[in-house]
Amino acid sequence: MGKLSRFIFTSLVLFILWLFLTSTFRSQEVLIGLIFSLAIALFTYNSFTERGLQNLNPRKVFCAFLYLPYLLWQMIKANFDVAYRVLHPKMPIKPGIVHVKTKMKSDLGKLVVANSITLTPGTLTLDVIDDNMLIHWINVKTDDVEKASEEIPGVFEKCLKEFLE
Amino acid sequence: MSWVIAIAIIVLGVVLTLIRAMLGPTAADRMVAVDSMTTITTALLVLLALYFKRYIYLDIALVYAVLAFVATLAVARYMEGGL
Amino acid sequence: MLNAIGWFLIYFGAFFLFLGALGIMRFPDVFNRLQAGTKCTTLGALSTSIGVGLLHPAWLPKTFIIALFILLTNPISSHALGRASYRSGVKLWEKSVVDKCKEFKECVEEENE
């Protein structure tokens, strides 16, 4: 991708972060933030992003905004699940480590899928080796690779493939 | 009054994780307890900022969260044997 | 109205922070503790800081940044801890059902050295 678009994307993200941190629109603050975000982006754009301004494609942004409430809902469900298991006097847990295959190709896709798996009910990503994921499951339903792949990352990948691949 | 209840619940959580950090049979148990304790403490610092009505305390919470993340990664790398 | 929502979020978060700590006390092995610790503390810290932001709307941007930072980094640090504790030879709970990790040589080579 073009170096310029990557550079612009990095400085845009840094500048928005600065605006959030200072939370004023006074001209001196905004000016110094602009200067510093351009200077930092000059050194770091290479490792910050791979696709630059393509990330701001409206379709992708829309998918990301749809994905966020879904993730929040899953997190709330996960918390009530943990609450049930903690407060139950007999602790109904049946833990184990299962093996799951992911369909995501890019590193960013794997990162987002692994983080989402960690935040959803009863699962925790332990290791990612190429496209194999090792997942600690607090209530193992199946130890078959295909069935577990359907059960755990299946729903997420359908959402995420839209805006990450 | 409502402050006291919210802050007391969170402090009780910090105490529980501290007990686990003292009891924990292995180093990994202790580190897991300390990692959760740092996140709980971040929330506690945000609440304290509201209690003392000081905007500047939010910066402390932010810096604490950043440093705790780096510290956890460093200890994890050390336990794995790569440091 | 905003006040009520803010207080509700703060109490909701405080309750789940406490539950996470209780889970760390009660669960039997490292990985189960990591589950309770990560999920409950992430949502708890998130909703507490957003709740504080709603009580003081001028603070909302910074509390939003704190919440976003916690949401991004907490799963990563728990993943690093879980992986490190498996590779450093921590045993699973004796009542665990399966352990597919043994099939991968990347996971167990640390123990053989």
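Just so you know, all these numbers are worked out from the coordinates, no wet-lab data involved. If you're wondering where the values come from, they're calculated on a predicted model, not measured in any experiment. For neighbour counting, all protein chains shown are included, and Cβ atoms are generated from backbone atoms with ideal geometry for every residue, glycine included.
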(Q) Report the Rg/Rh value for the stretch C:2-112, based on alpha-carbon coordinates and the Kirkwood definition of Rh. (A) 1.13
Q: In Å and from the alpha-carbon atoms only, list the Rg and Dmax of the protein assembly as shown.
A: 20.7, 62
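Out of the stretch A:1-88, which chymotrypsin sites (Phe, Trp or Tyr not before Pro) are coil in DSSP terms and have no more than 14 other C-beta atoms within 10 Å?
Those that pass, being in a loop and sparsely packed, are A:Phe25.
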(Q) Nearest 10 degrees is fine. How inclined is helix A:27-48 to the longest principal axis of chain A, computing both from alpha carbons? (A) 60 degrees
**Q.** Rg in Å to one decimal, and Dmax rounded to a whole Å, for the stretch A:3-55 via C-alpha atoms
**A.** 11.3, 33
**Q.** Between 0 and 90°, nearest 10: helix A:58-87 axis offset from chain A longest Cα axis
**A.** 40 degrees
Q) Within chain A, what percent of beta bridges assigned by DSSP are antiparallel, to the nearest 5? A) 90 percent
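Please compute, for peptide C:2-13, the average count of beta-carbon atoms on other protein chains lying within 10 Å of each residue's beta-carbon.
Working: counts 0, 0, 0, 0, 1, 2, 0, 0, 11, 4, 2, 6.
Per residue, the average neighbour count from other chains is 2.
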Q) What FRET efficiency do you get for B:Thr26 and A:Asn139 if R0 is 25 Å and r is their Cβ-Cβ distance, rounded to the nearest 0.05? A) 0.55
Q. If each residue's Cβ is checked for other Cβ atoms within 10 Å, how do A:Thr120, A:Thr44 rank with the fewest at the top?
A. A:Thr44, A:Thr120
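Report the Rg/Rh value for the stretch B:2-80, based on alpha-carbon coordinates and the Kirkwood definition of Rh. Mind dumping the intermediate values first?
Details: Rg = 14.0 Å, Rh = 13.5 Å.
Radius of gyration relative to Kirkwood radius: 1.04.
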(Q) Show me, bin by bin at 5 Å from 0, the whole-percent P(r) of the stretch A:1-147 based on Cα pairs. (A) 2, 8, 12, 13, 14, 14, 11, 9, 8, 5, 3, 1, 0
**Q.** Crossing angle, helix A:107-119 versus chain A [Cα axis fit, 0-90 degrees, rounded to tens]
**A.** 50 degrees
